[in-house]
1. Take VAL121 and decide whether it is at pLDDT 95 or above and among the β-branched types (Val, Ile, Thr).
2. LEU43 - would you say it is at pLDDT 90 or above and either aliphatic (A, V, I, L, M) or in a helix (DSSP H, G or I) (or both)?
3. Taking segment 44-100, which residues are out of contact with any strand residue (DSSP E or B) (no Cβ under 7 Å at 6 or more places or on another chain) and polar (S, T, N, Q)?
4. Going through segment 61-99 one residue at a time, which ones are part of a helix (DSSP H, G or I), among the β-branched types (Val, Ile, Thr) and in contact (Cβ under 8 Å) with a residue 60 or more places away in the chain?
5. Looking at PHE66, PHE7, can you tell me which residue is closer than 30 Å to ASP115 by Cβ, modelled with pLDDT under 95 and of a type in the set (Phe, Trp, Tyr)?
6. How about segment 46-60: which of its residues are in a helix (DSSP H, G or I) and surrounded by 13 or more Cβ atoms within 10 Å (Cβ to Cβ)?
Amino acid sequence: MNSLVPFLVQWAITALSLWVASYLFRGLKFETTGALVVSALLLGLANAVVRPLLILLTLPLTLLTFGLFLLVINALMILLVSALVRGFKVSGFWTALFASIFISLLGTFIGALVDTGGADVIQMPATTGKWL
């Protein structure tokens, strides 16, 4: 149960970021709230499973572009989710690229403000012994 709360909070943050992005980017549309919720879940799953594989496969290209190719991978994740979810439309690659940058930044900002319910910082116990 302890690991369920951070998952749900992260899912909500992703859904909120996608919802805000759909109002800022004309080429990003959700037909229903259900499409938004499923897209947020699938985007989290794609970022957890598919994205690391793509990063590993494109590592030489990522190193050659000094990491800028990771932005392309993020856009591809959004395009993948839009292809899989009925009711989620992305007009093109450039919309997906700029929307992915916005979603990442907004999600990071909201995540910094919200307590995700994760484990607290582990602190070392105080010692009374001497260091050698």
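1. Judged against the criteria, VAL121 is not a match.
2. The answer is yes for LEU43.
3. Within segment 44-100, ASN47, THR58, THR62, THR65, ASN74, SER91, SER100 meet the criteria.
4. THR95
5. Answer to the selection: PHE7.
6. If the condition is that a residue be in a helix (DSSP H, G or I) and surrounded by 13 or more Cβ atoms within 10 Å (Cβ to Cβ), then ALA46, ASN47, VAL50, ARG51, LEU54, ILE55 are the ones that fit.
The values are calculated or read from the model by the stated rules, or taken from the named source; none is laboratory data. Computed from a prediction, not measured in an experiment: that's the story for all the values here. Glycine gets a Cβ as well: all are built from the backbone with ideal geometry, and neighbour counts include every protein chain shown.
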